[in-house]
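To start, the structure itself, in C-alpha cells.
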Amino acid sequence: MPYRGRKIEVVASKVSDRNQCFYWTTWHTYLLRESSKAAKIDYILAGAIDPSIYSGVEHGCELVTFASAVAGSDRATLYAARRVLRERIGAPVAVTASLIAANFSMLDRVANAICISVDAMIIKPSAEFRAQLGINNYPSAVNTLR
C-alpha cells in the first residue's frame, strides 16, 4: 500500500499538535481538509488530533496514536504504537511515518523558535477548524494572531 499524502498530513498534524506548533498544525490540517475536498471525501479533522476519532483516513487512528507517541516521552507507549503500526500497515509505512514524525518534530521547534507566522491567505480559511481543535490556544499562536 503506498503512503499517500493524507496519511502524511495526519502524522504531521499530530506531531505538530503535540509540539503545540501553531504554524505547522494549521498548515497540515488545512492541507488535509483541502485534499479531502479534492477527493470528495468528508474527513473529520478532529481525527488528525484525537486518535479516538476516526478521521476517514485509512489507518488514521494508528497513525495518530503513533505520531503522538513519537512526540511524547513514554518509551513503552512508543514501542507499542510502532508495533501496532508495523503489524497493521507494514514496516515500510512505519518507517515512513517515523521519518515524517522526526522531521516535523524538528520543523515545529524551528517554527516556534523563530516566531514564524501563518500566511494571511490561510488564516481566514482555517479559522473555524483552528477554533474547534484548540490550535488558537497554542503559545506560538501569538506569532500570527497578535
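One table, with the values for the structure above:
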{"read-out": "Long-range neighbours under 9 Å by Cβ, at least six apart or interchain, first residue touching a residue at least 40 places away in the same chain (Cβ under 8 Å) and among the hydroxyl-bearing types (Ser, Thr, Tyr) within segment 37-55, second surrounded by fewer than 21 Cβ atoms within 10 Å (Cβ to Cβ) and part of a loop (DSSP other than H, G, I, E, B)", "value": "Ser55/Ile44"}
{"read-out": "Single residue of Thr96, Thr77 found to be hydroxyl-bearing (Ser, Thr, Tyr) and touching a residue at least 24 places away in the same chain (Cβ under 8 Å)", "value": "Thr96"}
{"read-out": "In segment 18-58, residue surrounded by the fewest Cβ atoms within 10 Å (Cβ to Cβ) [restricted to those that are farther than 14 Å from Lys7 by Cα and of a type in the set (D, E, K, R)]", "value": "Lys40"}
{"read-out": "Residue count, segment 3-57 (criterion: of a type in the set (A, V, I, L, M), over 11 Å from the mean Cα position of the chain (by Cα) and within 18 Å of Met121 (Cβ to Cβ))", "value": "1"}
{"read-out": "Some residue of segment 106-128 being surrounded by fewer than 20 Cβ atoms within 10 Å (Cβ to Cβ), more than 14 Å from the chain's Cα centre (by Cα), within 15 Å of Gln20 (Cβ to Cβ) and charged (D, E, K, R)", "value": "yes"}
{"read-out": "Checking Tyr79 against (1) under 28 Å from Ala127 (Cβ atoms); (2) in a helix (DSSP H, G or I), the condition it does not meet", "value": "(1)"}
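Laboratory data are not the source of any read-out in this text; all were calculated from the coordinates shown. Keep in mind that what you see is a predicted model, and the values were worked out from it rather than measured. Here the Cβ is made from the backbone with ideal geometry for all residues, glycine too, and neighbour counts use every protein chain on show.
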